[in-house]
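Here's the structure, in structure tokens; my notes come after.
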Protein chains: 2
Amino acid sequence: MAAAAKVVLLVAAVRRPRPLIHVLHRVLGSAGDLGQRAGVPCDSWRLAVEAYNKRDWKTVPANCDDYVGHYMLDRQYRRDSRVVVDEAIAYAEGLKVAGNGKEVWVFDIDETSLSNLPYYAKHGFGTKPYNATSFNEYVLEGSAPVLMGTLRLFKKLISLGIKPRAITVTNLRRQGYSGWEKLLLKPIGFKGTAIGYKSGARQKLQNAGYVIVGNIGDQWSDILGAPEGARNFKLPDPIYYIG
Amino acid sequence: MAAAAKVVLLVAAVRRPRPLIHVLHRVLGSAGDLGQRAGVPCDSWRLAVEAYNKRDWKTVPANCDDYVGHYMLDRQYRRDSRVVVDEAIAYAEGLKVAGNGKEVWVFDIDETSLSNLPYYAKHGFGTKPYNATSFNEYVLEGSAPVLMGTLRLFKKLISLGIKPRAITVTNLRRQGYSGWEKLLLKPIGFKGTAIGYKSGARQKLQNAGYVIVGNIGDQWSDILGAPEGARNFKLPDPIYYIG
């Protein structure tokens with residue numbers, strides 16, 4: 001069995017060359033293999049998170065540290081995100097846009113418009129409890145990179161005459177995103193759930209005569225709660241949960 | 001590369017002995033590998049289906065025939081389903097049940113309580129358009145096997161004093177499921193969407209004084225639409241879409 005395992009690594013290296021996308025890139029195994037290790041089945045756990053079966057989780061299961069790291073840094077995360085964005089663009093292209101400036105698309109920021117992966121890669125890929133101090137230090141750097149797929153959607157919407165709107169609960173910076181209709185930021189000290197805040201913000205948009213033709217976020221709390229967007233898109237996020 | 005591919009097969013056989021769960025079981029490759037072939041990225045497509053990003057699709061992408069077949073017949077489908085059921089049971093066990101007989105849990109039938117995999121395995125794993133004639137012939141056999149995970153949930157709920165309720169749109173047979181509160185079957189010739197029918201059926205339950213503490217299905221149309229269950233569970237189904 002040891003010999004067989006050795007061959008696996010060799011073969012994996014031949015068949016699946018991984019692009020060097022991050023200095024913290026790990027070098028062993030693949031997400032698929034690690035997903036079948038003992039303990040929590042990490043691939044099934046991730047699917048349960050994405051399909052909103054798993055809720056109110058505090059941290060990534062300890063044995064899924066490597067799995068989530070590989071998922072985020074290998075091609076899988078970007079490929080999964082690309083398929084979501086492609087679907088969103090196909091939907092947007094099929095809309096009959098009135099072009100009256102009242103048609104908006106709501107964007108979440110963290111892990112949707114911008115990536116905080118540089119932070120989470122240094123802090124256990126979600127396996128450690130949220131640390132406001134260190135996360136805020138990171139935010140003040142203003143270094144979060146853009147998620148290219150979302151920027152592609154953003155630009156496509158503008159070209160179609162649909163206005164991007166951002167509703168966010170945490171940090172925000174601009175990296176190539178220009179043309180936001182307006183930014184709604186959660187007031188410091190806001191009490192209540194993320195679903196309550198975000199659906200309330202959408203209600204205000206609707207009351208102001210806007211039509212929410214689409215909504216994209218990495219959390220189900222970005223999406224759920226009346227009024228919902230005419231169509232919603234859930235980007236992958238196996239690192240943290242906001243309820 | 002040919003040599004490498006050959007080694008992969010050998011290693012796969014050593015590392016992942018597959019239980020003989022189906023006479024049509026395929027013998028080549030693994031779902032994870034096939035998910036990275038050219039064409040539609042099948043693993044990302046499946047995730048997009050499960051997270052409700054992909055909607056109104058008619059058939060599985062042609063290049064994902066093998067991928068979906070392996071997913072369903074290998075361990076992955078059962079493992080993904082098990083994690084969902086485990087979560088549902090944990091939720092149910094945490095409920096404070098009044099035990100007045102009014103607390104119900106709604107079950108879908110096809111691909112939730114019973115599996116039609118023997119049919120789909122012979123008909124391209126969802127890559128071919130739905131064929132009512134051949135599917136109905138299969139249904140008349142009454143041979144669909146039980147999905148053991150769902151049966152485990154079913155029995156647990158009964159032991160907790162929660163009544164299982166079935167709302168179904170297609171075939172139904174009993175395979176170890178005894179103790180249904182009542183079966184609501186979609187009338188032949190019903191016009192309208194699955195979401196409309198199923199949410200209407202839940203509304204009737206609620207009007208009759210029932211509290212829907214949970215709902216489990218393999219389609220988002222089993223789950224969405226007011227009134228929703230207090231909590232919902234989406235089982236995997238990459239084979240077909242009902243809107």
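Among the residues making up the range A:220-241, a single one is of a type in the set (S, T, N, Q) and either surrounded by 24 or more Cβ atoms within 10 Å (Cβ to Cβ) or in a helix (DSSP H, G or I) (or both): A:S221. Only residues that are modelled with pLDDT under 95 and in contact with a helix residue (DSSP H, G or I) (Cβ under 6 Å, 6 or more places away or on another chain) were counted across the range A:113-123, and they come to 1. Testing A:F125 on (1) surrounded by fewer than 18 Cβ atoms within 10 Å (Cβ to Cβ); (2) assigned to a helix (DSSP H, G or I), one condition comes back false. Which one is that? The failed condition is (1). Of all residues in the range A:58-93, those satisfying the criterion of being over 14 Å from the mean Cα position of the chain (by Cα) and among the charged types (D, E, K, R) are A:K58, A:D65, A:D66, A:D74, A:R75, A:D86, A:E87, A:E93. If you go through the range A:190-208 one residue at a time, do you hit one that is at pLDDT below 70, under 19 Å from A:I223 (Cα atoms) and not charged (D, E, K, R)? Looking for residues that are at pLDDT below 70, under 19 Å from A:I223 (Cα atoms) and not charged (D, E, K, R), one finds none in the range A:190-208, hence no. Looking only at the range A:77-90, residues that are touching a residue at least 24 places away in the same chain (Cβ under 8 Å) and within 9 Å of another protein chain (Cβ to nearest Cβ) come to 6 in all. Among the residues making up the range A:120-165, those that are hydroxyl-bearing (S, T, Y) and touching a residue at least 24 places away in the same chain (Cβ under 8 Å) are A:Y120, A:T127, A:Y130, A:S143, A:T150.
Taking the numbered list (1) surrounded by 13 or more Cβ atoms within 10 Å (Cβ to Cβ); (2) at pLDDT 85 or above in turn, B:V7 passes all entries but (2). The residue of the range A:202-214 that is nearest to A:V83 (Cα to Cα), among those that are out of contact with any Phe, Trp or Tyr (no Cβ under 7 Å at 6 or more places or on another chain) and buried (at least 19 other Cβ atoms within 10 Å of the Cβ), is A:I212. Note on the range A:56-91: residues that are small (G, A, S) and surrounded by 20 or more Cβ atoms within 10 Å (Cβ to Cβ) total 3. When the range A:141-180 is filtered for residues that are loosely packed, with under 15 Cβ neighbours inside 10 Å, out of contact with any helix residue (DSSP H, G or I) (no Cβ under 8 Å at 6 or more places or on another chain), assigned to a loop (DSSP other than H, G, I, E, B) and modelled with pLDDT of 70 or more, the ones remaining, listed by number, are A:G142, A:G161, A:S178.
Evaluate the following for B:Y241: is it over 25 Å from A:G243 (Cβ atoms) and modelled with pLDDT of 95 or more?
Working: over 25 Å from A:G243 (Cβ atoms): yes; modelled with pLDDT of 95 or more: yes.
For B:Y241, the condition - over 25 Å from A:G243 (Cβ atoms) and modelled with pLDDT of 95 or more - is met.
Only a single item in (1) at pLDDT 95 or above; (2) touching a helix residue (DSSP H, G or I) at 6+ places or on another chain (Cβ under 6 Å) is not met by B:L24, and it is number (1).
Please verify whether the range A:42-51 includes one or more residues that are touching a strand residue (DSSP E or B) at 6+ places or on another chain (Cβ under 7 Å), facing chain B (nearest Cβ under 10 Å), in a loop (DSSP other than H, G, I, E, B) and under 22 Å from A:G149 (Cβ atoms). Yes, the range A:42-51 contains at least one residue that is touching a strand residue (DSSP E or B) at 6+ places or on another chain (Cβ under 7 Å), facing chain B (nearest Cβ under 10 Å), in a loop (DSSP other than H, G, I, E, B) and under 22 Å from A:G149 (Cβ atoms). For the range A:216-243, the set of residues classified as over 18 Å from A:S115 (Cα atoms) and facing chain B (nearest Cβ under 9 Å) consists of A:R231, A:N232, listed by residue number.
Mind listing just one residue for me: the one in the range A:59-76 that is in a loop (DSSP other than H, G, I, E, B) and closer than 23 Å to A:S113 by Cα and, of those, nearest to the other protein chains (Cβ to nearest Cβ)?
Taking the range A:59-76 first, the residues in a loop (DSSP other than H, G, I, E, B) are A:59-61, A:74.
Remaining after also requiring closer than 23 Å to A:S113 by Cα: A:59-60, A:74.
On the way: A:T59: 16, A:V60: 14, A:D74: 10 Å.
My answer is A:D74.
Residue-wise test of (1) under 18 Å from B:S44 (Cβ atoms); (2) in contact with a helix residue (DSSP H, G or I) (Cβ under 7 Å, 6 or more places away or on another chain).
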| site | (1), (2) |
| --- | --- |
| A:V68 | yes, yes |
| A:Y71 | yes, yes |
| A:R78 | yes, no |
| A:V84 | yes, yes |
| A:K102 | no, no |
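Say we look at the range A:93-113 and pick out the residues that are surrounded by 21 or more Cβ atoms within 10 Å (Cβ to Cβ) and out of contact with any strand residue (DSSP E or B) (no Cβ under 6 Å at 6 or more places or on another chain); which of these is farthest from the other protein chains (Cβ to nearest Cβ)? Top of the filtered list is A:D110.
The values are calculated or read from the model by the stated rules, or taken from the named source; none is laboratory data. Being a predicted model, the structure only gives us computed values, none of them experimental. Quick reminder, even Gly has a Cβ in these numbers, built from the backbone with ideal geometry, and neighbours come from all protein chains shown.
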